[in-house]
């Protein structure tokens, strides 16, 4: 299956073509929030590449969030337009799982132990709050005070025999308050479109969305507060 993948949930913008779970070509920008300008260029390049290679796009995958409200809106509107134009399904993929897949790849390359370890993805949600995964696999927003803030209250607290690896654009600020030697920070891990194909190929839970009614997974409601700047009331 050939899938066009889009990842715009953070300040990183990327798009890729994956075939049977493996990436064939990726375009990525790590330098800031230029999604609205760069994403159309990346998609044009990838679709041109697909035509040259006689590849038929069979689905569009979208990193669905949580993450940046603006980035998610850009990705979702673009993906829905492509699905209508190409007449293919839209497959939402949880962003935190994409982030974990990126960490697994880095840990494999560095020969870090993955078994008997807990991966703790963190997407910045401003101040000391992050989006992360609970132990039941569901996304949640957490205000981080220490390592125990990220452990399910119903489970055992931080286990001395277990190693925790945390990463993502919300992780660096947390490293300043983490003191437990069993918690390890992995720098430079970002969600990339090239990992989405593998997640779709290996999962039975990811299914196509109803394009007309699809909305990104914001996790927290976006609420426009009244301005307190004089003259803007």
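So if I check each of 28, 57, 24, which one is touching a strand residue (DSSP E or B) at 6+ places or on another chain (Cβ under 6 Å) and farther than 26 Å from residue 168 by Cα? Of the residues listed, the single one that is touching a strand residue (DSSP E or B) at 6+ places or on another chain (Cβ under 6 Å) and farther than 26 Å from residue 168 by Cα is 57.
For segment 7-19, a residue qualifies if it is surrounded by fewer than 21 Cβ atoms within 10 Å (Cβ to Cβ) and assigned to a strand (DSSP E or B), and exactly one does: 19.
Listed here are the residues, each with its yes/no results for (1) at pLDDT 95 or above; (2) within 16 Å of residue 190 (Cα to Cα).
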| position | (1), (2) |
| --- | --- |
| 50 | yes, no |
| 57 | yes, no |
| 70 | no, no |
| 76 | yes, no |
| 79 | yes, no |
| 83 | yes, no |
| 97 | yes, yes |
| 115 | no, no |
| 137 | no, no |
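Taking residues in segment 107-123 that are outside any strand (DSSP E or B), and partners anywhere that are at pLDDT below 70, the pairs with Cβ atoms closer than 6 Å and at least 6 places apart or on different chains are 107/114. Residue count for segment 20-76, restricted to those that are within 17 Å of the chain's Cα centre (by Cα) and in a helix (DSSP H, G or I): 10. Looking only at segment 168-197, residues that are farther than 24 Å from residue 63 by Cβ and either out of contact with any strand residue (DSSP E or B) (no Cβ under 9 Å at 6 or more places or on another chain) or in a helix (DSSP H, G or I) (or both) come to 5 in all. Can you name the residue in segment 129-150 that is touching a residue at least 12 places away in the same chain (Cβ under 8 Å) and part of a loop (DSSP other than H, G, I, E, B) and, of all such residues, is nearest to residue 96 (Cα to Cα)? Once the filter is applied, the top-ranked residue is 134.
The values are calculated or read from the model by the stated rules, or taken from the named source; none is laboratory data. Computed from a predicted model, the values in this text were never measured in an experiment. Positions of Cβ are backbone-derived with ideal geometry, glycine not excepted, and every protein chain shown enters the neighbour counts.
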